[in-house]
Amino acid sequence: MRITMVGTGYVGLVTGTCFANSGNQVTCLDVDPRKIDKLNNGISPIYEPGLDELIQRNAKSGRLKFTTDKAAAYADAQIVFICVGTPSDEQGRANLQYVLAAAEDIGDAIEAGEGDSDERRAKIVVVKSTVPVGTNAKVKAAIASKTSKSFHMASNPEFLKEGAAINDFQKPDRVVIGCDNKGTGDRMRELYEPFVRQGNPIFIMDIPSAEMVKYAANAMLATKISFINEIANLCEAYGADVDEVRRGMCSDKRIGNQFLYPGLGYGGSCFPKDVLACISMGEESGRPTELLKSVHNVNQAQRNAFMFKIDQQFGDGSSPADLTGKKIAVWGIAFKPGTDDIREAPSITLMQGLLARGAKVVAHDPVAHETCQEVLSDQISYVDQAMDALDDADALVICTDWAEFRHPEFEQMRKRMKLPIIFDGRNLYRLQTMAEEGFVYWSVGRSQVK
């Protein structure tokens with residue numbers, strides 16, 4: 001099939017590249033010429049394991065193209081995917097200006113095209129961006145305002161985990177498609193069938209239900225994260241060990257063990273935005289989502305609770321500690337391993353808190369230095385090796401559970417640091433090990449090692 005992806009962000013680029021890799025002719029459209037220049041040189045503007053190689057292979061074959069030319073991108077496309085950003089505003093509502101602008105461009109392109117009297121051959125416009133329920137209707141109206149020619153709508157929410165997106169797309173747990181007629185559903189099913197040969201389902205449903213699926217799934221996962229963090233806080237208060245509690249709880253098959261790891265709370269491009277969007281939809285519909293309001297509040301408070309541990313260590317905890325003259329090392333900037341994404345990353349909140357208290361911050365992350373510099377600029381220092389951040393450091397703060405942080409040489413760490421103090425926001429190390437190695441060790445939901 002001939003496919004156009006509108007937007008070369010995380011979703012559009014991964015989706016378009018994987019479609020090309022399965023034999024489709026794909027054109028990726030973006031308004032940012034810098035992105036397109038990079039892509040035409042085989043360089044991905046985002047970090048995702050394996051993506052550069054797939055881009056280069058499919059571009060070389062001629063199946064994958066990148067352009068800023070809207071007319072060329074839309075002209076022959078059978079299916080157009082809208083994959084532009086929907087950032088949250090101050091009230092948590094999804095900003096649809098980029099989605100609706102793309103819709104108007106598509107309408108102009110349909111009107112300018114030759115058209116086709118066969119309804120089955122009319123363009124399918126697919127909203128893949130995560131959007132509030134009812135957005136597809138707005139997109140349809142925006143396109144129809146520009147053309148009287150036929151087109152069809154579909155909703156196709158994405159379920160890609162950053163750091164594992166290519167595998168998630170090529171071997172999805174499920175594919176969700178909302179459509180306005182059977183023919184559209186059949187064509188979308190045909191597009192996705194190569195990816196579900198292992199037997200996983202393709203769900204064809206109405207458009208509003210498809211729009212809601214993504215929000216419901218992410219809100220549920222976010223709820224699990226906030227839940228286990230509240231349990232971790234109770235464990236600290238009563239001297240229980242959240243790791244033991246988690247093991248005992250998750251052995252119940254009704255509960256399972258996914259997304260029940262205590263830490264610094266969720267971040268990234270999806271969970272924070274989608275929870276806020278659900279809260280906003282609840283307010284607008286007169287059906288307040290009280291549980292999700294609490295999920296959001298618990299998540300934000302979790303970062304402050306961790307910062308409080310630093311204030312306790314270097315002060316009395318009654319007010320922000322004075323960290324003037326102290327060097328704090330930070331391991332991990334990205335909101336999760338396997339990505340350079342720092343959107344809503346707990347590390348940013350914590351580093352800003354450290355800077356506000358007067359600390360000098362030296363950070364290491366395997367891939368997220370460049371994206372961090374876009375936010376914090378030269379307020380902090382960066383090193384290429386994790387151990388180098390520890391030289392003469394008064395403490396180490398661990399924000400991301402990259403695999404390389406799991407088994408460090410503790411003796412070398414202790415020798416490099418001015419003070420052997422670790423604040424571990426990901427519970428990477430055993431309490432007994434920390435005691436034996438001579439560290440002051442703060443973690444989440446477990447006793448402090450003094």
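Would you mind checking the tilt of helix 182-192 against the longest principal axis of the Cα atoms of the chain, expressed as 0 to 90 degrees and rounded to 10?
Once rounded, the angle reads 50 degrees.
For a quick check: sort F159, F423, F306 by the number of other beta carbons within 10 angstrom, fewest at the front.
On the way: F159 17, F423 22, F306 25.
Ordered by Cβ neighbours within 10 Å, fewest first: F159, F423, F306.
Can you give the angle from 0 to 90° between the axis of helix 10-21 and the longest principal axis of the chain, with both taken from C-alpha atoms, to the nearest 10?
Value to nearest ten degrees: 60.
Take every DSSP beta bridge whose two residues both sit in the chain, then give the antiparallel share in percent to the nearest 5.
Values: 4 of 47 bridges.
Approximately 10 percent, going by the DSSP bridge assignments.
Taking square-rooted eigenvalues a ≥ b ≥ c of the alpha carbon gyration tensor, is the chain rounded, prolate or oblate, where a/c under 1.5 means rounded and, failing that, a/b exceeding b/c means prolate? Numbers along the way, then the final one.
On the way: a/c = 2.25, a/b = 1.86, b/c = 1.21.
Prolate, because a/c is 1.5 or more and a/b exceeds b/c.
If I take every Cα pair under 8 Å that is 6 or more residues apart in segment 2-205, average their sequence separation and divide by the length, what percent do I get for the relative contact order? Spell out each step's value before the answer.
Details: 365 pairs, mean separation 37.9, N = 204.
About 19 percent, as a whole number.
Output the relative contact order of the chain, whole-number percent, from Cα pairs under 8 angstrom with separation of 6+ residues.
Once divided by the residue count of the chain, the mean separation gives 11 percent.
Setting aside same-chain residues fewer than 8 positions from K309, which aspartates and glutamates have a Cα under 13 Å from its Cα?
Partners within reach: E236, D424.
Just how large is the dipole of segment 330-430 about the Cα centre, in debye to the nearest 20, putting +1 at every Lys and Arg Cβ and -1 at every Asp and Glu Cβ? Don't jump to the answer; show the numbers that get you there.
Values: 11 positive and 17 negative charges, 100 e Å.
About 480 debye.
With both partners inside segment 2-205, how many of the DSSP beta bridges are antiparallel, as a percent to the nearest 5?
Values: 3 of 29 bridges.
Around 10 percent of the beta bridges assigned by DSSP in segment 2-205 are antiparallel ones.
Would you work out if segment 2-205 is rounded, prolate or oblate? Take a ≥ b ≥ c from the square roots of the eigenvalues of the alpha-carbon gyration tensor; rounded if a/c is under 1.5, else prolate when a/b is larger than b/c, oblate otherwise. Intermediate values should be presented prior to the final figure.
Working: a/c = 1.27, a/b = 1.20, b/c = 1.07.
It comes out rounded by the Cα gyration axes.
For segment 1-60 and segment 399-450, write down the distance between their C-alpha centroids in whole Å.
The distance from the Cα centre of segment 1-60 to that of segment 399-450 comes to 40 Å.
What order, most packed first, do the peptides 328-338, 65-75, 360-370 have when packing is the mean number of other Cβ atoms within 10 Å of each residue? Write down the numbers at each step before the final one.
On the way: 328-338: 25.0, 65-75: 17.2, 360-370: 20.4.
Top to bottom by mean Cβ count within 10 Å: 328-338, 360-370, 65-75.
Per the helix-only calculation at 222 nm, which mean residue ellipticity applies to the chain, given -39500 (n - 2.57) for every DSSP H run of n ≥ 4 and division by its residues, nearest 500 deg cm²/dmol?
Details: 16 runs with 194 residues, N = 450.
So the calculated ellipticity at 222 nm is -13500 deg cm²/dmol.
Could you point to the residue in Q56, F19, L39 farthest towards the positive end of the chain's charge dipole, with +1 and -1 charges on the Cβ of Lys/Arg and Asp/Glu respectively?
Of the options given, the answer is F19.
Given the pairs K35/K326; K60/K149; K38/K171; K253/K450; K35/K224; K182/K224, which are separated by over 30 angstrom at their Cα positions? Don't jump to the answer; show the numbers that get you there.
Values: K35/K326 39 Å; K60/K149 35 Å; K38/K171 28 Å; K253/K450 36 Å; K35/K224 36 Å; K182/K224 36 Å.
Those over the limit are K35/K326; K60/K149; K253/K450; K35/K224; K182/K224.
Based on other C-beta atoms within 10 Å, arrange K326, K418, K138 from fewest to most. Present the calculation step by step, with values, prior to reporting the outcome.
On the way: K326 19, K418 13, K138 16.
Neighbour counts put them in this order, fewest first: K418, K138, K326.
How many nm is it between the label spots at F227 and R247, if each spot is 7 Å from the Cα in line with the beta carbon?
Taking the simple label geometry, F227 and R247 are separated by 2.1 nm.
Which of these, P201, P49, P420, has the largest mean-square fluctuation under a Gaussian network model of the chain (Cα springs below 10 Å)?
Comparing P201, P49, P420 in a Gaussian network model of the chain, the most mobile one is P201.
Would you mind pulling out the separation of the Cα centroids of segment 237-307 and segment 208-224, in Å?
14
May I ask you to order 26-35, 424-433, 393-402 by the average number of other C-beta atoms within 10 Å around their residues, highest value first?
Details: 26-35: 19.9, 424-433: 18.0, 393-402: 24.2.
Listed from highest to lowest mean packing, they are 393-402, 26-35, 424-433.
Taking the 0 to 90 degree range and rounding to the nearest ten, how far is the long axis of helix 97-112 tilted relative to the main principal axis of the chain, both from C-alpha atoms?
It works out to around 20 degrees.
Read-outs throughout are calculated quantities, based only on the coordinates presented, and are distinct from any laboratory measurement. In this text the structure is predicted, and so the values were computed from the model without any measurement. Note that each Cβ is placed from the backbone with ideal geometry, even for glycine, and that neighbours are counted across all protein chains shown.
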